Amino acid sequence: MAALEAFHIAVLAGDGIGPEVMAPALEVLRRIEATSKLRFRFTEAAAGATHYQATGVSMPESTVRLCDEADAILLGACGLPHIRYPDNTEIAPQIELRMIFDLYAGVRPARLIPGVPSPIVGAAERGIDLVLVRESTEGLFASMGKGVVTAEEARETMVITRKTSQRLFDFCFRLTERRKARGGKGQLTCVDKANVFKAFAFFRGLFDEAAARHPDVEASRAYVDACAAMLVRRPWDFDVLVTENMFGDILSDLTAGLIGGLGMAPSADIGDRHAVFQPCHGTAPDIMGQGKANPTAMILSVALLLDWLADTRRLEEAATAADRITRAVDNAYAHGVKPIEFGGDDGTAAIARAVIAAL
């Protein structure tokens, strides 16, 4: 079996439980290497609050160069609540990477794995399998570090541009088309507040333009407040949703809550050339070093990385590997894996062993 050229993966383990969940994710990729033609080369680099505390920068230039040169970036959770910038905001290399590399499509899948508890009545029978895509460089986050604060008021500015929105919507329509080809609903919902804000009316207008270019996708629109209510009543009605940065930040945590919590929620931040893959959860300093962290979101983020390589490099071997990892996670939970946050006894090592055994 002839090996393919090795993909260079930048590994930024981060803070708190970041390194603890990164280790099994890399072990999963090594197992894929051992059983396929795929090959990987890992380069570890510093980023995060701990690095900022020691050096005064969240990421050295060498880390940024590495990320620029790598084929993909794996990022553990970053930031610690007690380490902050002088303006009292947290250290967030994950957001900085989005801005540096123009990673405009924040992909947040929410799929309920059989055997994982959901707070939604009927979810186990109906299933949940949706993807929320948040624009990740503009919206309210465009004001990050630029807000104006006086003794009397504070102001932040939301920015929505045609260039970024068009790329975002075309990305989402293509994603919906790929999911439809695999048996998905073929539905894309634009989530906004176009009834109140001119910026969101502009956003929706650009969505409508993109919808005309993709007639095979069923395009719909929903106001964000109504969408939130529908997600906690009938999440199985949704396929792909696209929204502004801040709305997406909030709704992606909501959708993670539908499928067992942030420990089950992978993510990707994707641009035209670069992509970062990371779990949706934070650094959880309260359980750091105790072996309790759930590595499932990080492992599923590796599957997203392989799926992205399959799509961008036209590499069926990577698509097969991504599917293998997803099925291995399902198999592990089907055979009784129960993380500590679900009232079980399985910590980081036990979950990792079960998934790797299933591979």
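On the given criteria, is Gly248 farther than 21 Å from Asp307 by Cα and outside any helix (DSSP H, G or I)?
On the way: farther than 21 Å from Asp307 by Cα: yes; outside any helix (DSSP H, G or I): no.
Here the answer is no, as Gly248 does not meet what is asked.
Selection of region 104-115 for residues being among the hydrophobic types (A, V, I, L, M, F, W, C), farther than 18 Å from Glu177 by Cα and surrounded by 22 or more Cβ atoms within 10 Å (Cβ to Cβ) yields only Leu112.
When only residues in region 18-63 that are in a helix (DSSP H, G or I) and polar (S, T, N, Q) count, which is surrounded by the most Cβ atoms within 10 Å (Cβ to Cβ)?
Filtering region 18-63 for residues in a helix (DSSP H, G or I) gives 18-34, 49-55, 61-63.
Filter once more, keeping what is polar (S, T, N, Q): 50, 53, 55, 62-63.
Details: Thr50: 20, Gln53: 14, Thr55: 11, Ser62: 10, Thr63: 23.
This residue is Thr63.
Could you count how many residues in region 100-120 are under 19 Å from Cys227 (Cβ atoms) and part of a loop (DSSP other than H, G, I, E, B)?
Step one: of region 100-120, the residues under 19 Å from Cys227 (Cβ atoms) are 105-112, 118-120.
Now drop any that are not part of a loop (DSSP other than H, G, I, E, B), which leaves 112, 118-120.
Residues in region 100-120 being under 19 Å from Cys227 (Cβ atoms) and part of a loop (DSSP other than H, G, I, E, B): 4 in total.
Is at least one residue of region 147-170 in the same structural domain as Arg213 (by TED's automatic domain parsing), in contact (Cβ under 8 Å) with a residue 12 or more places away in the chain, surrounded by fewer than 14 Cβ atoms within 10 Å (Cβ to Cβ) and of a type in the set (Lys, Arg)? Yes, some residue in region 147-170 is in the same structural domain as Arg213 (by TED's automatic domain parsing), in contact (Cβ under 8 Å) with a residue 12 or more places away in the chain, surrounded by fewer than 14 Cβ atoms within 10 Å (Cβ to Cβ) and of a type in the set (Lys, Arg). Out of all the residues in region 123-130, is one or more charged (D, E, K, R), closer than 21 Å to Ala219 by Cβ and under 19 Å from the mean Cα position of the chain (by Cα)? Scanning region 123-130 turns up at least one residue that is charged (D, E, K, R), closer than 21 Å to Ala219 by Cβ and under 19 Å from the mean Cα position of the chain (by Cα). Taking first residues from region 192-209 that are farther than 22 Å from Ala229 by Cα and partners that are in a loop (DSSP other than H, G, I, E, B) and of a type in the set (Val, Ile, Thr), the Cβ contacts under 9 Å between residues at least 6 apart in sequence or on separate chains come to Ala199/Ile160; Phe202/Ile160; Leu206/Ile160. Among the conditions (1) crowded, with 16+ Cβ neighbours inside 10 Å; (2) free of Cβ contacts under 8 Å to residues at least 60 places away in the same chain; (3) closer than 14 Å to Ile113 by Cβ, the only one that Pro339 does not satisfy is (2).
Sort out which residues of region 179-188 are surrounded by 14 or more Cβ atoms within 10 Å (Cβ to Cβ) and either over 25 Å from Gly139 (Cα atoms) or among the small types (Gly, Ala, Ser) (or both), and write them in order of number. Break it down stepwise before answering.
Filtering region 179-188 down to residues surrounded by 14 or more Cβ atoms within 10 Å (Cβ to Cβ) leaves 179-180, 184-188.
Arg179, Lys180, Gly184, Lys185, Gly186, listed by residue number.
Name the single residue that is farthest from Gly336 (Cα to Cα) among those in region 69-97 being assigned to a helix (DSSP H, G or I) and at pLDDT below 95. Ranking the candidates gives Glu96 first. Summed over region 284-298, residues that are within 16 Å of Asp253 (Cα to Cα) and surrounded by fewer than 24 Cβ atoms within 10 Å (Cβ to Cβ) total 1. Could you say whether any residue in region 101-114 is at pLDDT below 95 and not hydrophobic (A, V, I, L, M, F, W, C)? There is at least one residue in region 101-114 that is at pLDDT below 95 and not hydrophobic (A, V, I, L, M, F, W, C).
Kindly establish whether Leu66 is assigned to a helix (DSSP H, G or I) and in contact (Cβ under 8 Å) with a residue 40 or more places away in the chain. It is true that Leu66 is assigned to a helix (DSSP H, G or I) and in contact (Cβ under 8 Å) with a residue 40 or more places away in the chain. A count restricted to region 24-63 and to residues that are in contact with a strand residue (DSSP E or B) (Cβ under 9 Å, 6 or more places away or on another chain) and among the hydroxyl-bearing types (Ser, Thr, Tyr) stands at 4.
Among the residues of region 332-359, those that are within 24 Å of Ala321 (Cβ to Cβ) and among the small types (Gly, Ala, Ser) comprise Ala332, Ala334, Ala349, Ala350, Ala352, Ala354, Ala357, Ala358.
The values are calculated or read from the model by the stated rules, or taken from the named source; none is laboratory data. Treat the numbers as computed from the prediction; the structure is a model and nothing was measured. Here the Cβ is made from the backbone with ideal geometry for all residues, glycine too, and neighbour counts use every protein chain on show.
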